[in-house]
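The values are calculated or read from the model by the stated rules, or taken from the named source; none is laboratory data. None of these values were measured; they are calculated from a predicted model. Quick reminder, even Gly has a Cβ in these numbers, built from the backbone with ideal geometry, and neighbours come from all protein chains shown. For the accessible areas, the whole protein counts, side chains as well, though only heavy atoms, and no ligand, DNA or RNA atoms are used. Shrake-Rupley method; radii C 1.70, N 1.55, O 1.52, S 1.80 Å.
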Amino acid sequence: MSRPTRRQVLHGSAAALAGAALAAPVAFADTAAARPVDGHGQAAGDGPSGGHEMPEPFDEMYEGRHIQGWPADEEGAQSGGRNSSGAHAGHHADQAGPHDGMDFVVRIDNDDLHVMRNADGTWISLVNHYETFTTPRALARAAVRELQGADLVPVVTG
């Protein structure tokens, strides 16, 4: 039996390395280290409902900015209540409100931060669109850090 040449060893090593590189993301995808972590060390998906229950409202000062968040269906309680007809103050029952289609409202210094919930229960915003967070509070705090004191510019649609 003859000894392998350097070329054969290099080809074999390259093939093995390529196979390992392609298999690693599949093996790593379902580990706890691959799931996003919020500011309290709880990984997404942990908890009684797999990370899909509505987060708790919050209202706090963070790094000198006022951040607030609440479920969108509780908007009347946060924005001045309901008018006498039972519709939210500021718009009629047949008109779309500013938060229709959103699960959760997040504000920084009373300006809306558009947030979206991913299918896995994590949250993203227009400020941190490629970074996921397990709670809107963690998302709002990260947006404050990212803004570095700049004002939040409202999203205009239509």
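May I ask you to list the residues in the stretch 109-130 that are in contact with a helix residue (DSSP H, G or I) (Cβ under 8 Å, 6 or more places away or on another chain) and within 20 Å of Asp151 (Cα to Cα)? It would help to see each step written out before you state the result.
Initial filter on the stretch 109-130 (in contact with a helix residue (DSSP H, G or I) (Cβ under 8 Å, 6 or more places away or on another chain)): 113, 115, 123-125, 127-128.
Of everything in the stretch 109-130, those that are in contact with a helix residue (DSSP H, G or I) (Cβ under 8 Å, 6 or more places away or on another chain) and within 20 Å of Asp151 (Cα to Cα) turn out to be Leu113, Val115, Ile124, Ser125, Val127, Asn128.
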Practice problem: Go through the stretch 136-158 and count every residue that is open to solvent by 40 Å² or more (accessible area, probe 1.4 Å) and either of a type in the set (Ser, Thr, Tyr) or part of a helix (DSSP H, G or I) (or both). | Solution: 5
Practice problem: Residues being open to solvent by less than 100 Å² (accessible area, probe 1.4 Å) and modelled with pLDDT of 80 or more: count how many of those fall in the stretch 3-29. | Solution: 2
Quiz prompt | For Val105: the one exception among (1) within 16 Å of the chain's Cα centre (by Cα); (2) without any contact (Cβ under 8 Å) to a residue 40 or more places away in the chain; (3) assigned to a loop (DSSP other than H, G, I, E, B) | solution = (3)
Quiz item: Going by the conditions given, is Asp109 at negative phi, among the acidic types (Asp, Glu) and at pLDDT 90 or above?
Solution: no
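Condition test on Ala33, is it at pLDDT below 70, surrounded by fewer than 10 Cβ atoms within 10 Å (Cβ to Cβ) and part of a helix (DSSP H, G or I)?
yes
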